[in-house]
Amino acid sequence: KVDINIIYGAIAFIITLILFFKPYIISGFVPLVVGILMIVALFLLMFKMQGLGDKGKVYDADKSENTHTTFKDVAGLDEEKHELIEIVDFLKNPKGYLDMGAKIPKGILLYGKPGTGKTLIAKAIAGEAGVPFISMSGSEFIEMFAGLGASRVRKLFEKAKKMAPCIIFIDEIDAIGSKREEENNKEGNSTLNQLLAEMTSDDNEDILIIGATNRADILDSALTRRGRLDRHIHVPNPDKNTRLAILKLYVKNKPMAEDVDLEEIARRTSGCSGADMEGIITEGAMLAIRADAEEITQEMLLKAIDRMVAGLERKSTEMIEFEKDVVSHHEAGHLMVSMVLDGSRKPNKITIVPHGEALGYVSYHEEEDRFIKTREELMHNMLTSLGGLVSEKVFFNHESTGCSSDLGTVTAIAKRMVTKYGMSDLGKMAIDERNGFMQEKIYDEMKKIVDEAYEKTYNIVMENKEVIHYIASELKVRETLEGVEIEELIQQFKMD
Ligand code: ADP
Ligand code: ZN
């Protein structure tokens, strides 16, 4: 496919050549025509460059199939969908919301690894609300012609304004708004500034902007501030159940053999994205066609996984298994230490599906806001934080890098206990940690407290070794356990 701009450029170039050699060719009527042609060509070229802002693809609710995507087409991700229902409501009736003075987010930032379904979710929001979906990629703003990013952004919003309420989806938004851009690249900066201005403009109240990125860490903070992309939703890699749900979605209308066991496929694809799941089914279908088979068999699907794993040069499955084992025991350690210390604190969920930097996490039911904590409670927090690494020590006899944020928490608590709350042998006073004379003493006291906490955590883990292992083994297979499931497991363990 030849880009139209190159053709215009070539015409302009040829005409310039002709003009240059004009004296050697003919004089009189021809140069005049050539001159006019050249001006026309230049004009067209500029016009075309200006028009690039129109490149965004538009899926109009009435005309296109694309906005018929709904939440039903998105498997799993229930929490994420739940968060978005309010926004769908707003898009259905923006005037009602705005008249009420209700605060709705101006924009949403979806972040997560590639292929986790960010684009799909954005489309589903449009589909649920029945509004047009304008989609654009961040890199499209920057490509080809320098200095035009800002005017493209303006054009895009002009177009959107005519269709509002609507959604503007900007994929790879980090191409426009990354910190690096801010420092080195003036153009990136003016594009970003235009985007920020459009986002905050009162004229654009009924345009919802959804940005997607897999690199939230490099985004310019101006983009994610209040009144801009202020609702941040992490789209995680799917856990086993979600993977199963995605598989089920894509085997519909496909001839599947009796022996197909999607559970097994889901189990064997830990770490794969939603797009990978779709790919496995597609690849399985290809294999069936090549083999002239009537149905897709389990063997074909397993082969498809192998290809995928080889193709993507993933970590060896052994490594994945080992890491899952470690993370399961780490998280189960946190969980049990916390439950032993405080039976009233109910866990909400425990998971080994990575989230941001964490390899897994335990979450608890929201407690009432508490402003005062006792020394005992602070110690409990410390012990709970240490539960992960102590569990690794007990079960694998190793130390690993998986605990750095836990240690951050532990250290911060110990420091506050010593310097702010007078909970150490240094006495009942607040101590300025910048005081060079005191630093060593502060350190010694912190170490005493942390050592005490470690000792206690170690004892708890040893005493509960079996139940921790029991939970970890389940967690490794099921990847996520909800609050009730955790309680059931513990009951089961007691009975066994
Ligand atoms: P992203 O924008 O996060 O890179 P996409 O939304 O483009 O990912 O997803 C790629 C493909 O993977 C989608 O077209 C969809 O078919 C499939 N997919 C990913 N996650 C899901 C999911 N939760 N449910 C159904 N399909 C999914
Ligand atoms: Zn941890």
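Taking the Cα centre of the chain as origin, sum charge times position over the Cβ atoms of Lys and Arg (+1) and Asp and Glu (-1), and report the length of that vector in debye to the nearest 20. Each step should come with its number before you reach the end.
Numbers: 62 positive and 81 negative charges, 415 e Å.
Once rounded to the nearest 20, the dipole reads 2000 debye.
Could you please report the charge total around V235, scoring K, R as +1 and D, E as -1 over all other residues with beta-carbon less than 9 angstrom from its beta-carbon?
For residues surrounding V235, the net value is +1.
Could you give log10 I(q)/I(0) at q = 0.18, 0.21, 0.26 Å⁻¹ for segment 409-496, computed by the Debye formula over C-alpha point scatterers of equal weight, without solvent?
The calculated log intensity ratios at q = 0.18, 0.21, 0.26 Å⁻¹ are -0.78, -0.91, -1.22.
Say the dipole of the chain comes from +1 at the beta carbon of Lys and Arg and -1 at that of Asp and Glu; which of L17, T213, F71 then lies farthest toward its positive end?
L17
With N set to the number of residues, divide the alpha-carbon radius of gyration of segment 181-309 by 2.2 N^0.38 Å and report two decimals.
1.55
Once segment 193-240 is represented by equal point scatterers at the alpha-carbon sites, with solvent omitted, what log10 I(q)/I(0) does the Debye formula produce at q = 0.15, 0.28 Å⁻¹?
One equal scatterer on each Cα of segment 193-240 leads to -0.46, -1.20.
If you take all C-alpha pairs in segment 372-411, what percent of them are over 15 Å apart?
Values: 327 of 780 pairs.
Summing the P(r) of segment 372-411 above 15 Å gives 42 percent of all pairs.
Each residue of segment 113-121 in turn: what ³J(HN,Hα) in whole Hz from Karplus with 6.51, -1.76, 1.60 and θ = phi - 60°, glycine and Pro shown as x?
4, x, x, 8, x, 5, 4, 4, 4
How charged is the neighbourhood of V484? Take every other residue with its Cβ under 12 Å from the Cβ of V484, and add Lys/Arg as +1 and Asp/Glu as -1.
-2
Of all DSSP beta bridges located in the chain, what percent are antiparallel, nearest 5?
On the way: 12 of 32 bridges.
Antiparallel bridges make up about 40 percent of those DSSP assigns within the chain.
Taking the Cα atoms of segment 84-134, what is the range of coordinates along each of the three principal axes, in descending order and whole Å?
Projected onto the principal axes, the Cα atoms of segment 84-134 cover 38, 19, 18 Å.
Would you tally the net charge around E466, using a Cβ to Cβ cut-off of less than 15 Å, leaving E466 out, and scoring K and R as +1, D and E as -1?
-1
As an exercise, find the ratio Rg/Rh for the chain from alpha-carbon atoms, using the Kirkwood inverse-distance average for Rh.
1.09
Taking 56 Å as R0, compute the FRET efficiency from the Cβ-Cβ separation of M100 and K254 and round it to 0.05.
0.75
Note the angle between two axes, namely the Cα long axis of helix 274-290 and the longest principal axis of the Cα atoms of the chain, as a number of degrees from 0 to 90, rounded to the nearest 10.
70
So how long is each side of segment 334-446 along the principal axes, counting just the alpha-carbon atoms, biggest first, in Å?
Computed over the Cα atoms, the extents are 45, 35, 26 Å.
Each value in this text was obtained by applying a stated rule to the coordinates, not by laboratory testing. Every value quoted in this text rests on a predicted model; they were computed, and no experiment measured them. Cβ sites come from the backbone with ideal geometry, for glycine too, and all protein chains shown count toward neighbours.
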